[in-house]
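Asks: Got a structure for you, questions after.
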Amino acid sequence: MRSLISILDFSVEELDALIATAKDIIAYPDKYREACKYKKLATLFFEPSTRTRLSFEAAMLELGGSVLGFSEASSSSASKGESMADTAKILSCYVDIMAIRHPREGAPYVASRNATVPVINAGDGGHNHPTQTLADLLTISREKGRLHDLTIGLCGDLKYGRTVHSLIEAMARYSGIRFVLISPKELRLPGYIRGNVLDAHGIPYEEVFSLEEAMPQLDVLYMTRIQRERFDSVEEYERLKNSYVLDVEKMALGKSDMCVLHPLPRVNEISVKVDDDPRAAYFRQALNGKYMRMALILKLLEEAKNPEKEPLDSEGLVYDRVCTNPKCISAVEQELPHICRLTEPELGIHRCIYCEQKV
Ligand code: CP
């Protein structure tokens, strides 16, 4: 049984195949109108969403399937204390596939270990957002005509911006990719991604503060919102919230064939005046998300015909350490075993299998 929890669950070949399917859906939508007839998708959203939830629902409806679910935790039995594991077991009785957004890091992973149908991570805390990455990949492919040999600038909240984490993990596997990480030092990319993804694979990157200085070299600029809901301190958010605003003046510093992406929603980090620039691709990116989610649903339902559950990879697992990340699902889930993995043996670093924080 395949699920999509991290973008690393799929090989580059599988990502390329999903992009090809999405492009075929765009070209020949009628071919897919009944592809999921009699199939049901549950959208279990314990956190707010516009694009992800509704594009999942539109995707399933356009494939001829049906949708059920909830859009806030307060209307589910999670508000009575039901665990993620039990919720996943129950939903497996009702639907063929489920998409889960949750504020706790690792919650969709726990669901996937307990469900008997495919589980899709629709965003878990500040950790991962792999289906946004699918939208990003199709957008870069359509806007630039390639996914290799690109200089990609990632700007804003690189610490809590889960879309950035998943996008780096995906793009680092294509050749000729270079990253420019543009952020205040307080919102730097987490060490586990710099270490495990960029440094470990020799991916070139630089960390800078100035968006203006970075602009001229970029093929893709990926703007992000400062993630107010992830900050422990309101004062810290207030101090950092206006760190970057992409405006018409800064756009003039960019290449004529650069494209600007943003997972949205935006607050003030892209001036509305930039929307008229043909290089602004973020609304096309939101549409691409629907096509990639259609391709993903098709793939996972096809693979679910072989219901065998993938065993937990036992290499390097350690059971005697407790994750101290207060945002990890293991901090609240009843009787969830604390498990970590030796991920960087040369440094003796263990990481929680749910949230990937150092333990
Ligand atoms: N990009 C994204 O995840 O948007 P929503 O929060 O509206 O789903």
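Asks: Could you work out, for the stretch 237-359, what percent of all Cα-Cα pairs fall into each 10 Å distance bin, beginning at 0 Å and stopping at the bin that holds the largest distance?
Replies: With 10 Å bins starting at 0, P(r) equals 10, 22, 19, 29, 19, 2.
Asks: Output wanted: per-residue J couplings in Hz (rounded whole) for the stretch 156-167, from phi through Karplus 6.51 cos²θ - 1.76 cosθ + 1.60, θ = phi - 60°, x for Gly and Pro.
Replies: Per-residue couplings from phi come out as x, 8, 7, 7, 9, x, 4, 5, 5, 4, 5, 5 Hz.
Asks: Now for a separate question. Full extension from Gln334 to Ser233: what is 0.36 nm times the residue separation minus their Cα-Cα distance, to one decimal in nm? Don't skip to the end; give the middle numbers.
Replies: Working: separation 101, 0.36 × 101 = 36.36 nm, distance 2.78 nm.
Separation in residues times 0.36 nm, less the Cα-Cα distance, equals 33.6 nm.
Asks: Over 31 Å between C-alpha atoms is what I'm after, so list which of Lys40/Lys309; Lys144/Lys299; Lys250/Lys327; Lys80/Lys309; Lys37/Lys309; Lys80/Lys299 land there.
Replies: Numbers: Lys40/Lys309 20 Å; Lys144/Lys299 25 Å; Lys250/Lys327 36 Å; Lys80/Lys309 29 Å; Lys37/Lys309 24 Å; Lys80/Lys299 34 Å.
The pairs that break the limit, which is 31 Å between Cα atoms, are Lys250/Lys327; Lys80/Lys299.
Asks: Let me spell out the model: positive unit charges on the Cβ of Lys and Arg, negative unit charges on the Cβ of Asp and Glu, origin at the Cα centre of the chain. What dipole size does that give, in debye rounded to 20?
Replies: Values: 45 positive and 52 negative charges, 139 e Å.
Its charge dipole is roughly 660 debye.
Asks: Here is a follow-up. Quickly estimate the mean residue ellipticity at 222 nm for the chain, helices only: each DSSP H run with n ≥ 4 gives -39500 (n - 2.57), and the total goes over all residues, rounded to 500. List each step's numbers first, then the result.
Replies: Working: 10 runs with 107 residues, N = 359.
Here the helix-only value at 222 nm equals -9000 deg cm²/dmol.
Asks: How high is the relative contact order of the chain, in percent, with contacts defined as C-alpha pairs under 8 Å that are six or more residues apart? List each step's numbers first, then the result.
Replies: Working: 704 pairs, mean separation 66.0, N = 359.
Relative CO of the chain lands at 18 percent.
Asks: Going by average Cβ neighbours within 10 Å, how do the peptides 109-122, 5-18, 231-244, 210-223 rank, with the highest at the top?
Replies: Ranked by mean Cβ neighbours within 10 Å, highest first: 109-122, 210-223, 5-18, 231-244.
Asks: Only bridges with both residues in the chain count here: give the DSSP antiparallel percent, nearest 5. Present the calculation step by step, with values, prior to reporting the outcome.
Replies: Values: 8 of 43 bridges.
Just about 20 percent of them are antiparallel.
Asks: Would you grab the residues whose amide H sits under 5 Å from the one on Ile270? Only those 5+ places off in sequence or on another chain, please, with H modelled 1.01 Å from N.
Replies: Excluding prolines and chain starts, which carry no amide H, the hits are Leu246.
Asks: Limiting things to C-alpha atoms, what are the Rg and the maximum Cα-Cα separation (Dmax) for the stretch 1-99, in angstroms?
Replies: Cα-based Rg and Dmax for the stretch 1-99 come out at 15.2, 46 Å.
Asks: Follow-up question, since we're still on this one. Under 12 Å Cα-Cα from Lys255, which aspartates and glutamates qualify once same-chain neighbours fewer than 8 residues away are excluded?
Replies: Correct list for Lys255: Asp219.
Asks: Let's test the formula: R0 of 51 Å, r as the Cβ-Cβ distance of Ser76 and Glu206. What FRET efficiency results, to the nearest 0.05?
Replies: Numbers: r = 44 Å, r/R0 = 0.86.
With a Förster radius of 51 Å, E is 0.70.
Asks: Output wanted: per-residue J couplings in Hz (rounded whole) for the stretch 87-93, from phi through Karplus 6.51 cos²θ - 1.76 cosθ + 1.60, θ = phi - 60°, x for Gly and Pro.
Replies: After applying 6.51 cos²θ - 1.76 cosθ + 1.60, I find 4, 5, 5, 5, 5, 4, 6 Hz.
Quick note: the coordinates plus some simple rules give every number you see, no bench work behind them. Worth saying up front: this structure is predicted, and the values here are computed from it rather than measured. Don't worry about glycine lacking a Cβ; one is built from the backbone with ideal geometry, like all the others, and counts go over all protein chains shown.
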